[in-house]
Amino acid sequence: MDIFARIGAAIGRVADVVTSLMFLAVFAAFIYKIVMRYAAGDAVAWADEISVVLFIWIVFLANGFMLDDKRQITFDLIFRHLSERNQRWVAAARSLLVGGIFLCALPASVDYILFLWRERTPVLGWRLEYVYACFALFMLAVTVRLAYRLVLLLSLRWREGLSR
């Protein structure tokens, strides 16, 4: 396993721990809201907001740093019937196309996220650029992962690139 694969695996493990803790916090806020609503008759609005923000972060961090291409939804009816050589070139073209789209969209996405400093969440008043910063991390992670996959597919270790 090369250094880049080890770094990717370490980042994936950190993201796994972070998203698991976030999911635990969502569950705790959900239970707290239920207890407060039925035991104390108090509708705790901040618990809903925390749950929504954490869920947004969970989705983008998990998809950007933990899920590999094999776990993504794909339409491979034609791809799986191609020869290994053609699968390699189709996978490389896909990585180049999708990675290029993400790379081209990244600056505008970051710019819009930074623009959101003017807006705040309704209950807790959190600035929205912090709430949606996970989307920029997601886009960057996908771009880097697809660039690494493209390098593998174009190198001598192309079988490893197909399996990612």
Checklist entry - For the chain, the longest stretch holding no chymotrypsin sites (Phe, Trp or Tyr not before Pro) located in a DSSP loop with at most 15 other Cβ atoms within 10 Å is which? => result 1-74
Checklist entry - Mind checking the angle between helix 3-39 and the chain's longest principal axis? C-alpha axes, 0 to 90 degrees, to the nearest 10. => result 30 degrees
Checklist entry - For residue 77 and residue 154, what is the calculated FRET efficiency with R₀ set at 30 Å and r taken between the beta-carbons, to the nearest 0.05? => result 0.75
Next on the checklist: About the Cα centre, and with charges only on the beta carbon of Lys, Arg (+1) and Asp, Glu (-1), how big is the dipole of the range 1-125? Nearest 20 debye, please.
Outcome noted: 260 debye
Checklist entry - With the contact rule set at Cα under 8 Å and sequence spacing of 6 or more, what percent relative contact order holds for the range 71-164? => result 33 percent
Checklist entry - Can you give the relative contact order of the chain as a percent, counting alpha carbon pairs under 8 Å and 6+ residues apart? => result 25 percent
Checklist outcome for this item: Across 123, 18, 59, the residue with the highest GNM fluctuation in the chain (Cα network, 10 Å cutoff) is 123
Checklist outcome for this item: The Rg/Rh figure for the range 31-164, Cα atoms and Kirkwood Rh, to two decimals is 1.16
Checklist entry - When the chain is fully extended, how far beyond the present Cα-Cα distance does residue 119 get from residue 45, taking 0.36 nm per residue of separation? => result 24.8 nm
Next on the checklist: As I understand it, the value is the acute angle between the Cα axis of helix 133-154 and the longest principal axis of the Cα atoms of the chain; what does it come to in degrees, rounded to 10?
Outcome noted: 10 degrees
Checklist entry - Relative to the present Cα-Cα distance, how much length would full extension add between residue 111 and residue 5 at 0.36 nm per residue of separation? => result 35.1 nm
Next on the checklist: I'd like the per residue volume of the convex hull spanned by the Cα atoms of the range 1-67, given in cubic angstrom.
Outcome noted: 60 Å³
Next on the checklist: Students often get this wrong: which residues of the range 50-75 have the backbone nitrogen under 11 Å from the point 7 angstrom along Cα-to-C-beta of residue 90?
Outcome noted: 75
Checklist entry - Once the dipole of the range 33-164 is set up with Lys and Arg at +1 and Asp and Glu at -1 on Cβ about the Cα centre, which of 99, 34, 130 lies farthest towards its positive end? => result 99
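Just so you know, all these numbers are worked out from the coordinates, no wet-lab data involved. Predicted model, so just to flag it, every value in this text is computed and none were measured. Please note: Cβ atoms are built from the backbone with ideal geometry, for glycine as well, and neighbour counts cover all protein chains shown.
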